Amino acid sequence: MTRVRFGVYRTVGEARLLAGVLEASGLSVEVRGESLAPLSGEIPSTETWLELWLWPHEVEAARQLIAELEENREAAEQEVQCPRCREENPGNFELCWSCGLDLPSTLRPRLRAV
Ligand SMILES: [Zn+2]
């Protein structure tokens, strides 16, 4: 069985974040190209690239996870108004910062911790 390339990322942070999310969900991720990442800032960041490789049967699950991650990011950028005190809260807050009420969350529960 041969791994397939799932995606190419320009930053170590992005690739590591995604690899971490996928691994936490039980997928087997191989990161390639990491040796090209700048260690001392000598390599221009535009030449940094990392690839995530997955087993073919895990690609679909990985796509869904990444899609949920994107949805959560978008949700986190939208303000949520507290139904009790009317204060605006960032979309990724679970409790109102002002009165502590449980906020209606649009986030997918299994990715809340990410
Ligand atoms: Zn409130």
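The values are calculated or read from the model by the stated rules, or taken from the named source; none is laboratory data. As the structure is a prediction and not an experimental result, all values here were calculated from the model. So basically every Cβ, Gly included, is an ideal-geometry build from the backbone, and we count neighbours across all protein chains shown.
Where residues in segment 80-114 are modelled with pLDDT under 90 and touching a Pro at 6+ places or on another chain (Cβ under 9 Å), which of them is nearest to the ligand (Cβ to nearest atom)?
Only one residue fits best here, namely LEU103.
Counting only residues that are closer than 20 Å to LEU103 by Cα and within 15 Å of the chain's Cα centre (by Cα), how many does segment 57-81 have?
So the count comes out to 9.
Taking the condition more than 13 Å from the chain's Cα centre (by Cα) and modelled with pLDDT of 90 or more, does LEU54 pass?
Yes, satisfied.
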